[in-house]
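Asker: Sending over a structure as C-alpha cells; questions will come in a sec.
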Amino acid sequence: MAGIGFELRKILKEDRLLSFAKVYGYSAILSSGPWVISILAIVLVGFINLANLGEVSDAFRFQVVVTYAIALASSLIITGVLQLPFTRYVADLIFKHKEDEILPSYFGAIFMAWILGLPIVTPFYMWVFEEQSLLFLIGVISTFLILCGVWISSILAASLKYYKGVVWAYFVSYALIVLFSYYFGNSIELLLFIFFFGNAILFVILLTLIVKSYESTIFMKIDFFLADNFYWTLGIAGLMYNLGAWVDKFIFWYHPSTGHTVIGKLNASIVYDMPIFLAYLSILPGMAIFFYRLESDFAEKYDLYYDAVRSGGTLSTIIGYKNDMIDVIRHSIHEILMIQGIIDIILFLTAPAVFDILHIPQLYLGLLYILTIGAMLQIAFMSVLAILYYLDRKHVAMWLCVLFFVANTGLTLISIELGPAYFGYGYTVSLLIVFIASLAVIRNEMDRLDYETFMLQ
C-alpha cells in the first residue's frame, strides 16, 4: 500500500493548510472504511427516526440488528479470518509482478465469503428471528452478505490510485442511507433495506474502481484458499483481534445485570452501548494519523531498508535505514497518543453537554471516559500490530491478538462482577496490557532486525 502513501505525500508538497486537511481527511476515511462510518450512520439513523417518530422501537431495533450484522460480517464468521491473509496474498502477487491475478483472487475471496457465510448465517438468523417475517429475514441476510463484500473490497480500495473516488463512495452511500431513512424509514424492514441498498451502492462503486485498477484475462481464482497459499497464522490473528475487539460488547449484552433483549434473541446494553459508540467515534483523528504515518513514512523507510539489503548496500547504509524506521515508529506512536490525547481531553470537557443533548444520564460519564482511553490504546496497539505485519512477524502478532482476546474476556467479566464503578475497565486495562507487551515486542524485533534479515533467511 505504499502507493497510496506516495499519493498522500504529493498532496502535502503543496504546503498549504488545506493540504493537511485533505491528507488527514482522506486517511481517516480510507483507514476507518465502513467501520467508524457505519457506526456513525447507525447512530444518526436512530436519532433521526427517534426525532421523527417520537419512539425508540424500530429505530433502536434497527441499530441492534445492524450492529450484530457488522460484528458477524467483520469479525466472527468469514472476513475476520480472510482480511489479513488476503492482504498478504495480494502483496505477494504485487511483489512477484503478478498483478493480473489480483482481480480474479478478489472475486474468489468474495465468492468464498458468500458461499461459506450463507449456510452459517441463514440458519442462525432463522433461529434468532424465528418470530419475524420472511421479508425481515431476507433483509438481515442480505445485509450480512453485502457487508462481507464491502469489507473485502475495502482491503483493496484503501490502496487504489482512485482514492478520491473511494472517499466519495463512502460519503455518498452513507449520506443516502441517512437521507432515505429520514424520509422513508418508518419500519424496521424499510430501514434494513435502505441500509442494504446504501451499502450495495458502495460495494458496486468500490468494485468498479477495483476493476479499473487491475487487469485480468480470467474472472475468478480461488488459489488463495489452497493450503499452500493461505496464511493461517494471519487468519488466526485477524480472528482473535476482531473477537477481542467485540467480546466486551457481547459480555455486556448478555450478562444478566447489564443486558436486555431487544428483538428476537438479540440483546443490547443500555449501560454500555452509547458510551462505547461515542468512544469509537472519537478515534477518527487517531485512525487518520495511524494510516498516514504507516502507509507514507514507515512504508518509505521500509522499502529503502530492504532495497538496500537486496541490492548489496553497505552496512552503515542499512543500519541508517533501520534507525530511520525506528524513528518513524517512535514518532508515529507518540503522535497518535498526543493528538488522540488532546481529542480525548476536549471530549471529556464537552461530554456533559453532549450527554444532555443526547438525553443520556450523566451517570455514564465515567464509563465514557475510561472507554475513550481504551479506544486510544486500541489505535496504538493496532499501529504496532501493523508494523509487525510489515516486518513479517506473523507468529508474535498472532499471540498478541490471542492475549488481547483472553485478557479482554477475563477482565471484562471481572469488572462486571466488581460493580458499575468498574465497568469499562476490563476493555481498557486489557488494551493497556497488550499495548505495553507489543512495545516490548517491537523493540526486541527492531533490535534483532539486522540479524534475522541476514542470518535466518
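The values are calculated or read from the model by the stated rules, or taken from the named source; none is laboratory data. Computed from a predicted model, the values in this text were never measured in an experiment. Every residue, glycine among them, receives a Cβ derived from its backbone with ideal geometry; neighbour counts consider all protein chains shown. Just so you know, the surface numbers come from the protein's heavy atoms only, side chains and all, with ligands and any DNA or RNA stripped out. Shrake-Rupley method; radii C 1.70, N 1.55, O 1.52, S 1.80 Å.
Asker: Measuring from label point to label point, each 7 Å out along Cα→Cβ, what is the Phe454 to His395 span in nm?
Answerer: With each label point 7 Å from Cα toward Cβ, the separation is 2.3 nm.
Asker: Roughly how many Å² is the accessible area per residue of the range 381-452, as a whole number, for a 1.4 Å probe?
Answerer: 43 Å²
Asker: Report in % the part of the accessible area of the range 272-425 that belongs to carbon and sulfur, leaving out ligands and nucleic acids; probe 1.4 Å.
Answerer: Here it works out to 71 percent.
Asker: Continuing with this model, one more query. Tally up the carbon and sulfur contribution to the accessible surface of the range 85-135 as a whole percent, 1.4 Å probe, everything protein left in place.
Answerer: On the range 85-135, the fraction of accessible area on carbon and sulfur atoms equals 71 percent.
Asker: Now for a different question. Over the C-alpha atoms of the range 270-414, what are the Rg and the largest Cα-to-Cα span, Dmax, in Å?
Answerer: Considering the range 270-414 through its Cα atoms, Rg and Dmax are 19.2, 64 Å.
Asker: If r is the Cβ-Cβ distance from Ile414 to Asn444 and R0 is 30 Å, what FRET efficiency results, to the nearest 0.05?
Answerer: It comes to 0.50.
Asker: Hey, another quick one. Using mean Cβ contacts within 10 Å as the protection proxy, how do 365-378, 423-436 order, highest first?
Answerer: With the highest mean Cβ count within 10 Å placed first, the list reads 423-436, 365-378.
Asker: Taking all protein chains together and a probe of 1.4 Å, list Arg330, Arg61 from the most accessible to the least accessible.
Answerer: Heavy-atom accessible area, descending, gives Arg330, Arg61.
Asker: Would you please give the residues with an amide H less than 5 Å from that of Val262, counting only those at least 5 places away or on a separate chain, with H modeled from the backbone geometry?
Answerer: For Val262, the qualifying residues are Asn267, Ala268.
Asker: To continue, here is another question. Return the inverse of the average 1/r over all pairs of distinct C-alpha atoms in the range 66-149, which is the Kirkwood hydrodynamic radius, in Å to one decimal.
Answerer: It works out to 13.9 Å.
Asker: Now a separate question. Leaving out same-chain residues fewer than 8 places away, which aspartates and glutamates sit with a Cα under 20 Å from that of Lys221?
Answerer: Partners within reach: Asp92, Glu99, Asp100, Glu101.
Asker: While we're on this one: Could you please state, rounded to a whole Å, how far the C-alpha centre of the range 279-315 is from the C-alpha centre of the range 351-365?
Answerer: Here the two parts' Cα centres lie 38 Å apart.
Asker: Can you give me the accessible area per residue for the range 227-276, using a 1.4 Å probe, in Å²?
Answerer: With the other protein chains kept in place, the range 227-276 gives 37 Å² per residue.
Asker: May I pose another question? Within the range 78-185, which GluC sites (Glu not before Pro) sit in a loop by DSSP and count at most 11 neighbouring Cβ atoms inside 10 Å?
Answerer: Passing both the DSSP loop test and the Cβ count: Glu130, Glu131.
Asker: At a 10 angstrom cut-off on C-beta neighbours, averaged per residue, how do the peptides 116-125, 233-242 rank from highest to lowest?
Answerer: 233-242, 116-125
Asker: What distance in nm separates the simple spin-label points at Asn323 and Phe348, each placed 7 Å from Cα in the Cβ direction?
Answerer: 3.7 nm
Asker: Sticking with this one: In percent, how large is the relative contact order of the range 84-200, given Cα pairs closer than 8 Å and 6 or more residues apart?
Answerer: Here the relative contact order equals 27 percent.
Asker: Right, next: Assuming R0 = 25 Å, what is the FRET efficiency of Leu116 and Glu215, from their Cβ-Cβ distance, to the nearest 0.05?
Answerer: 0.35
Asker: Calculate, for the range 294-357, the solvent-accessible area per residue in square angstrom, rolling a 1.4 angstrom probe over the heavy atoms of the protein chains.
Answerer: Accessible area per residue, the range 294-357: 52 Å².
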